[in-house]
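This report refers to the structure that appears directly beneath it.
Only the coordinates and a few stated rules stand behind these numbers; no lab work does. Every value quoted in this text rests on a predicted model; they were computed, and no experiment measured them. As a convention, Cβ positions derive from the backbone with ideal geometry for all residues, glycine included, and neighbour counts pool all protein chains shown.
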Amino acid sequence: MQTVLGANGPIGEELTRELYRNFTHDIRLVSRNPTKIHETDQLVKADLTDPEATARAVEGSQIAYLTVGLPMDSQLWEQQFPTMMRNVIDSCSKYGTKLVFFDNTYMYPGTTVPQSESTGFEPNGRKGRVRAQLATMLQDAMSAGSIDAVICRAPEFYGPGKTKSLTNSFVFDRIGAGKRPLVPVSAKTVRSLIWTPDASRAMALIGNTPDAYGQTWHLPVDPNRLTYAEMIRIAGEVTDRQIRYTVLPLAAFRIGGRFIGPLGEVQELLPRYRGDNIFDASKFMTCFPGFTITSYREGITELLG
């Protein structure tokens, strides 16, 4: 039995499909209101802030994948994420279940220094501090030998379906709707974005590779990184349109954040948009050289073609 905790999000859904395609049909989907993707999927309703519900969700699982997402709300993250992580660690430890944690880069410094698995945590805000806390909790449990786990870390998403990110919302969703894209901070700095199905495929592969445990892995991104200007140029070629864009400076987010909650919530991430964002996934590609990465052109074509 392999269990997806947080099964209704874009990562959880793609992960479930990949597990079914290549690893097992014995899959349990866990969320507050789970829905089947395959006829054989087992559904379990659970609130992971409840320790007893979490234990019931994990019991009998060989591997559990923690892919839970929460809205961009700092207070909600502080209230719920650490409790969820503690409950999941305790439940996996109790039942001898391996844990695969899907993590992000909020805790990394917002500089142009390339980010590797050894990059130290320097969070720039409340959500980054929460993510650093979660990763540290799991690393401590791994070091203590109380759990067999692995951390899979991904940069900002872009992708199909339910994928939510600044890039999807401000750039590709607007282009798809015939609107002018809005570029955060700079159109001239290179971005490291991960195609959500690639993230899920890579996580399934790591979770089913016994030697991968006890480590942190950066999930694979297209190494031919592009700027927003270059992505929008490709989008124009795909849609056969001349697409003009507007760059939103930092001040626009600061002012808008006073009146629009979501704009305020993204401000701690904006320093990494001022310069090149280099997320190094060479460790993964060295260990899994046969993995096929979706290129930016391929991803943009699927989104807009």
Next item on the list: For V190, enumerate residues with amide H under 5 Å from its amide H, sequence gap 5+ or separate chain, H modeled in the peptide plane.
Entry: D276, N277
Notebook entry, point to check: DSSP beta bridges in the chain, what fraction antiparallel, as a percent rounded to 5?
Noted result: 5 percent
Next item on the list: Please turn the phi angles of the range 241-254 into ³J(HN,Hα) values with the Karplus equation 6.51 cos²θ - 1.76 cosθ + 1.60 (θ = phi - 60°), one per residue in order, whole Hz, x for glycine and proline.
Entry: 9, 8, 10, 9, 9, 10, 8, 8, x, 3, 4, 5, 6, 5
Next item on the list: Compute the relative contact order of the range 56-191 as a whole-number percentage, counting only Cα pairs closer than 8 Å that sit 6 or more residues apart in sequence.
Entry: 23 percent
Check: Relative contact order (percent) for the chain, with alpha-carbon contacts under 8 angstrom and 6 or more residues of separation?
Finding: 18 percent
Margin query: Can you give the local net charge around Y158? Use residues other than it whose beta-carbon is closer than 15 angstrom to its beta-carbon, Lys and Arg +1, Asp and Glu -1.
Written below: -2
Check: Beyond 18 Å, what percent of the Cα pairs of the range 81-176 remain?
Finding: 55 percent
Checklist line | Number of Lys pairs (Cα under 18 Å; 8 or more positions apart or on different chains) in the chain | finding: 4
Checklist line | Within the chain, longest stretch free of exposed trypsin sites (Lys or Arg not before Pro) [DSSP loop, at most 14 other beta carbons within 10 Å] | finding: 37-178
Next item on the list: Note the direction-averaged projected area, equal to a quarter of the hull surface, for the Cα convex hull of the range 164-262, in nm².
Entry: 8.5 nm²
Next item on the list: Once you've got the GNM for the chain with C-alpha springs shorter than 10 Å, pick whichever of A177, A55, A235 has the biggest mean-square fluctuation.
Entry: A177
Item checked: For the chain, the fraction of alpha-carbon pairs in successive 20 Å shells from zero, as % -> 33, 59, 8
